[in-house]
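Below is one structure, written out as structure tokens; comments come after it.
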Amino acid sequence: MQDINVGLIGFGTVGSGLATVLHDQAERLQRKTGLNLRLVRVADLRTTRLPDFLSGTELGQDAGAIINDPEIQIVVELIGGIEPARTFILQAIEQGKHVVTANKALISQHGAEIFRAAAAKGVEVGFEASVGGGIPVIKALKEGLVANRIDALMGILNGTANYILTRMSEEGIPFDAVLAEAQAKGYAEADPTYDIEGIDTAHKLAILMSMAYGANVPFEAISVEGISHITPLDIHFAREFGYRIKLLAVSINHGDHVEARVHPTLVPEHHMLASINGAFNGVWFTGDEVGDVMLYGYGAGKLPTGSAVAADVVDIARNIHHRCVGRVPALSYLPQHLGEVRITPLEAIRCPYYFRFTTRDVPGVLSAISGILGENGISIESVVQKKRHEDNAVPIVMLTYEADEAAVTNALAAIDELSTTVAPTVKLRILSDGRA
Ligand code: HSE
């Protein structure tokens, strides 16, 4: 049986997950591949001892020992972050190694450089675990949906944010309290900025869009709004109207331009994405031939993410065995067919909206608000005025039909200038007819 030698840089949660999966599934993987996948070296700055089942694996602190080991064919990078991960990967490619990574920040911002280097050296780069944890979303997009134009993709791509919104929704507790609880339980990072501000979701959206449209999508082009301003009140009102609030990644393909945005979104409760709760992820594709496809599963975690990394290792090992490379291009389209994609400016999108106005409860308030909305071509679908607070402020909750984002911005600026408005208006976008 042919040996395939693997070196692993980074033995944290995902790294130890990969080691566990390769060990636990060794016999099954041999029956499926006819190959012996050997984890021969691990480099990690903090690990002093490997688990007993890795008795044949060498442990050190020097990534160079892996990158320069002539016996190693596949280098797995699982340290995360931009540097030194980028340098290690480029050095490994330069040494003719195939690379597997789970690094969404790196792939979304430096993927073009890495894929170019890999193509020049004739090696593969696998990054299945960078989006959707254990869900085989990248393979599905590149291979299962290869015969489709992707007309829309949407996803709940951050388990931490989804866990927080789910807890807020179930318990009615405020954002800060749920975040503190999630951190105490080890679900959320000590610095949860990327997760709660939508940045991690945008990294993942950029990767999916690149493969969907055959273009390097710059992460910076994606409009990003996080969930830290979401209140139990808005979650409650959204529920009353039949919606759940989710942090959604959205890209709609309009042909000559594509939308690219991450924001809290009212998802109709009958939509499958509304039922993705807790730390789970869900990804939705609309292909022109296949129609709608949804994938669901653990978006993070030791063994699920280890399973996704192992799948890349197996793909590459099979290619090594069959002496082929580049069979499936990194970004789905051949490098010479990668193009540019024009991102729709956020002001130019159209969708239905949820507004929560906070106004003084005096005669004429509702007609002043609806007058401004009317002047801006925004049509009201439903409106509910809630009980007056002690301070005489009253929430007015409104849903609109599809409206232009630019018109909404204008209208809300004018409404927030009214002497009767006592707090900035809350605006959330709504997913309707499968589109946000
Ligand atoms: N921080 C990510 C999440 C982990 O919460 O989903 C997986 O990328």
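Just a few scattered comments:
- Scanning region 242-259 turns up no residue that is under 22 Å from residue 154 (Cα atoms), aromatic (Phe, Trp, Tyr) and within 16 Å of the ligand (Cβ to nearest atom).
- For residue 179, the conditions (1) within 16 Å of the ligand (Cβ to nearest atom); (2) hydrophobic (A, V, I, L, M, F, W, C); (3) closer than 29 Å to residue 293 by Cβ all hold with the exception of (3).
- The strands (runs of 3 or more DSSP E) falling completely within region 345-417 that include 1 or more residues that are touching a Leu at 6+ places or on another chain (Cβ under 9 Å) and open to solvent by 20 Å² or more (accessible area, probe 1.4 Å) map to 353-360, 380-385.
- Screening residue 55 with (1) without any contact (Cβ under 8 Å) to a residue 24 or more places away in the chain; (2) crowded, with 17+ Cβ neighbours inside 10 Å gives one miss only, at (2).
- Hits in region 285-320 - residues which are in a strand (DSSP E or B) and either out of contact with any helix residue (DSSP H, G or I) (no Cβ under 7 Å at 6 or more places or on another chain) or open to solvent by less than 30 Å² (accessible area, probe 1.4 Å) (or both): 285, 286, 287, 291, 292, 293, 296, 297
- Some residue of region 321-335 being of a type in the set (Lys, Arg) and part of a helix (DSSP H, G or I): no
- If you go through region 5-50 and keep only what is more than 20 Å from residue 317 (Cα to Cα) and among the polar types (S, T, N, Q), you end up with 13, 47, 48.
- Residues being over 24 Å from the mean Cα position of the chain (by Cα) and open to solvent by 40 Å² or more (accessible area, probe 1.4 Å) - total across region 97-129: 3
- Unique residue being open to solvent by less than 20 Å² (accessible area, probe 1.4 Å) and more than 14 Å from residue 40 (Cα to Cα) when the list is 82, 93, 72, 67: 93
- Within region 25-50, tally of residues that are over 24 Å from residue 103 (Cα atoms) and surrounded by 12 or more Cβ atoms within 10 Å (Cβ to Cβ): 7
- Inter-residue pairs, beta-carbon under 9 Å, first assigned by TED's automatic domain parsing to the domain that holds residue 264 and free of Cβ contacts under 8 Å to residues at least 24 places away in the same chain and in region 156-183, second of a type in the set (D, E, K, R) and not in a helix (DSSP H, G or I), 6+ apart: 183/189
- Residues that are in contact with a strand residue (DSSP E or B) (Cβ under 8 Å, 6 or more places away or on another chain) and of a type in the set (Asp, Glu), drawn from region 63-114: 69, 71, 77
- Entirely in region 6-100, the strands (runs of 3 or more DSSP E) that have 1 or more residues that are more than 16 Å from residue 308 (Cβ to Cβ) and touching a Ser or Thr at 6+ places or on another chain (Cβ under 7 Å): 35-43, 58-60
The values are calculated or read from the model by the stated rules, or taken from the named source; none is laboratory data. Since we're looking at a predicted model, the values are computed, not measured. Ideal geometry is used to build each Cβ from the backbone, glycine not excepted, and the neighbour counts take in all protein chains shown. Note: accessible area is taken over every heavy atom of the protein model, side chains too, but ligands, DNA and RNA are not part of it. Shrake-Rupley method; radii C 1.70, N 1.55, O 1.52, S 1.80 Å.
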